[in-house]
1. Figure the gain on full extension for ALA59 and SER35 (residue separation times 0.36 nm, minus the Cα-Cα span) and round it to one decimal in nm.
2. As a test question: what accessible area, to the nearest 10 Å², does PHE15 have when a 1.4 Å probe is rolled over all protein chains in place?
3. About the Cα centre, and with charges only on the beta carbon of Lys, Arg (+1) and Asp, Glu (-1), how big is the dipole of region 4-70? Nearest 20 debye, please.
4. Rounded to the nearest 0.05, what FRET efficiency do ALA9 and SER51 give with R0 = 30 Å and r taken as the Cβ-Cβ distance? Could you check?
5. Round to the nearest 0.05 the FRET efficiency obtained for LEU70 and TRP21 when R0 = 25 Å and r is the Cβ-Cβ distance.
6. Toward the positive end of the charge dipole of the chain, about the Cα centre and with charges on Cβ (Lys, Arg +1; Asp, Glu -1), which of ILE53, PHE5, PHE33 goes farthest?
7. Roughly how many Å² is the accessible area per residue of the chain, as a whole number, for a 1.4 Å probe?
Amino acid sequence: MFPEFVKSALLAPIFIREEFWGFLGLTNARDQFFSNEEIALAEASGMLIASSILEHEAAEGLIRAREEAL
């Protein structure tokens, strides 16, 4: 799944409307654990990605509704 030089990986799931959408993956060439701060940052980044996707979908819905109303 990962190239040979990857020694550790952190995968943060991304959920949209309670459904799995994908994941954010971080890798490290050193054989070490990710810190609690790095894990929290990955989780927050995943939530930010999900939020951006939802915002984009909402904006597209508003644009479609406006076009249909005209």
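The values are calculated or read from the model by the stated rules, or taken from the named source; none is laboratory data. The shown structure was predicted, so the numbers you read here are calculated from the model rather than taken from an experiment. All Cβ positions, glycine included, derive from the backbone under ideal geometry; neighbour counts span all protein chains shown. For accessibility, only protein heavy atoms count, side chains too; no ligands or nucleic acids. Shrake-Rupley method; radii C 1.70, N 1.55, O 1.52, S 1.80 Å.
1. On the way: separation 24, 0.36 × 24 = 8.64 nm, distance 3.62 nm.
Between ALA59 and SER35, full extension yields 5.0 nm more.
2. 110
3. Numbers: 5 positive and 12 negative charges, 22 e Å.
Dipole about the Cα centre, nearest 20: 100 debye.
4. Numbers: r = 24 Å, r/R0 = 0.80.
After rounding to 0.05, the efficiency reads 0.80.
5. On the way: r = 32 Å, r/R0 = 1.29.
Once rounded, the FRET efficiency stands at 0.20.
6. Value: PHE5.
7. On the way: 5880 Å² over 70 residues.
With all protein chains present, the chain gives 84 Å² per residue.
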